[in-house]
Every structure is written in structure tokens, then in C-alpha cells.
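Below: one structure, written as C-alpha cells.
The values are calculated or read from the model by the stated rules, or taken from the named source; none is laboratory data. Model, not experiment: these values are computed from the prediction. What goes into the accessible areas is simple: the full protein's heavy atoms, side chains included, and nothing from ligands, DNA or RNA. Shrake-Rupley method; radii C 1.70, N 1.55, O 1.52, S 1.80 Å.
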Amino acid sequence: MTVIAGRVRSAGPVLHPRICAALTAVSCLVHLWLAASGHHDAWLGILMIALAAVCIPCTVHIWRYSRVGALHQVTISALAMVGLHAVLLLGAGGAGHAHGGRTASNAVDMSGAAGLLLVIGLEITTALLAATLVARLRRRAAVPS
């Protein structure tokens with residue numbers, strides 16, 4: 001820790017944890033938005049609210065302290081979401097490929113396969129940022145100052 005202009009500042013990486021925490025917060029907001037939108041059953045909306053509530057403390061811990069435990073939890077949660085959404089994508093029977101009067105591919109369409117692929121991309125990015133931050137923090141702790 002160093003003191004700069006009366007404020008305590010961590011000596012570790014700053015931008016990397018901020019980006020990781022911001023992306024985790026975006027994921028929480030997406031879950032809350034989807035729960036509030038009413039496009040899913042009530043039980044699924046409640047589950048999404050619960051998932052967001054679990055992730056919010058990790059977001060704070062990553063933003064303020066770069067805690068490795070919170071980073072592990074975010075990495076595991078993000079990879080679990082990748083797996084779940086991949087199963088939904090593959091098990092949807094070709095969702096997003098309805099050709100009735102529409103083009104075969106519409107990347108702007110947030111329903112069906114396009115939405116699931118965007119969520120998978122968001123979660124893979126979140127897991128990658130959290131895992132690389134853990135590696136940076138461990139490498140920094142292993143190198144004597």
C-alpha cells in the first residue's frame with residue numbers, strides 16, 4: 001500500500017481488477033434486466049435475481065481489494081454460466097434459425113441463439129479476466145520486492 005495525496009492506494013494492478021469488476025457488474029445488471037423483462041418464467045427470474053445478488057459482493061471485493069477468493073468464485077461462476085448457456089444453445093433445437101420471412105442470420109436480434117452467444121462471450125471474457133488477474137496477483141506475490 002502507498003499513500004498518495006492522503007489516500008491509500010494498492011501497490012498492485014489497478015486497471016485489470018477494475019475492468020474485471022465492471023464486467024462482473026455488467027453481468028449482474030444483465031441478469032437483473034432479464035429478470036425484470038418478464039421474458040422468462042417467474043422461477044427463472046427469481047434464480048437470476050439470486051445469481052446477481054451472489055455476484056454483487058464479489059464485484060465489490062474485486063474492485064476494492066482484488067481478493068483472490070472472489071476472483072475464483074467469479075471464474076467458476078462464469079464458466080458454469082458458459083456451460084449452462086452452451087447447453088441451452090445446443091439443446092434449443094436450432095433456436096434462431098427460423099427462416100419464416102426472415103434472414104437466416106440476424107446478429108442484432110437479441111433473442112434465441114444470438115442472445116445466448118453474446119452471453120457466452122460475456123461470461124468467457126469475465127472468466128478470462130478473473131483468471132488472468134489471479135495469475136498476475138500470484139506472480140506478484142511470488143516475486144520478492
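Tabulated results
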read-out: Per-residue ³J(HN,Hα) for the range 81-88, Karplus 6.51 cos²θ - 1.76 cosθ + 1.60, θ = phi - 60°, Hz, x for Gly and Pro; value: 5, 4, x, 4, 6, 5, 4, 4
read-out: Distance between the range 48-94 and the range 112-145 - C-alpha centres, whole angstrom; value: 11
read-out: Accessible area (Å², 1.4 Å probe, nearest 10) - Ser66; value: 20
